[in-house]
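To start, the structure under review is shown below, and the notes come after it.
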Amino acid sequence: QVQLVESGGGLVQAGGSPRLSCAPSGSTYSANVMGWYRQAPGKQRELVASITRGGSTNYAGSRTGRFTISRDNAKNTVFLQMNSLKPEDPVVYYCNAATLGGPMYWGRGTQVTVSS
């Protein structure tokens, strides 16, 4: 079982630019695709962005341009750089990872709260 651990969340001021990180804990697991999802209160979890081991990226939603996904393959770590955050309800960001034909793993999430 692979445990993904997210970090970098917390309370951020409007306009802030936090960076989230996610890596497998105690494992050398290397995923083909890693991604970030977000879930607002009362809403379904939705894709923010994903990235392949080769660096191909996919962004969803209206945050393209303000969010950037990247990864460090040597450290099996994926990042989400978020810029110009706007005040909104607390959102939980989840990391996921998968290999071709293999299971998909999820982190427990890290909450981001943007204050005005």
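The values are calculated or read from the model by the stated rules, or taken from the named source; none is laboratory data. Because the structure is a prediction, the values reported are computed rather than measured. In this analysis, Cβ positions are derived from the backbone assuming ideal geometry, glycine residues included, and neighbour counts consider all displayed protein chains. Ligands, DNA and RNA are stripped out before the accessible areas are found, and what is left, the full protein with its side chains, is counted by its heavy atoms. Shrake-Rupley method; radii C 1.70, N 1.55, O 1.52, S 1.80 Å.
Brief remarks follow.
- Matching residues, the stretch 91-112, being over 15 Å from the mean Cα position of the chain (by Cα) and either of a type outside the set (S, T, N, Q) or not in a loop (DSSP other than H, G, I, E, B) (or both): LEU100, GLY101, GLY102, PRO103
- All positions within the stretch 75-90 that are part of a loop (DSSP other than H, G, I, E, B) and among the charged types (D, E, K, R): LYS86
- Selected residue (criterion: surrounded by the most Cβ atoms within 10 Å (Cβ to Cβ)) from residues of the stretch 6-57 that are aliphatic (A, V, I, L, M), in contact (Cβ under 8 Å) with a residue 60 or more places away in the chain and under 19 Å from GLY102 (Cα atoms): MET34
- Annotation: of all residues in the stretch 71-116 being under 12 Å from GLY35 (Cβ atoms) and free of Cβ contacts under 8 Å to residues at least 40 places away in the same chain, the one that is surrounded by the most Cβ atoms within 10 Å (Cβ to Cβ) is ARG71.
- Against the test of being at pLDDT below 95 and over 13 Å from the mean Cα position of the chain (by Cα), the options GLY54, GLY16 yield a single qualifying residue, GLY16.
- Every residue from the stretch 9-27 that is closer than 22 Å to MET104 by Cα and not in a loop (DSSP other than H, G, I, E, B): LEU20, SER21, CYS22, ALA23, PRO24
- Of the criteria (1) open to solvent by 60 Å² or more (accessible area, probe 1.4 Å); (2) in contact (Cβ under 8 Å) with a residue 40 or more places away in the chain, which one SER62 fails: (2)
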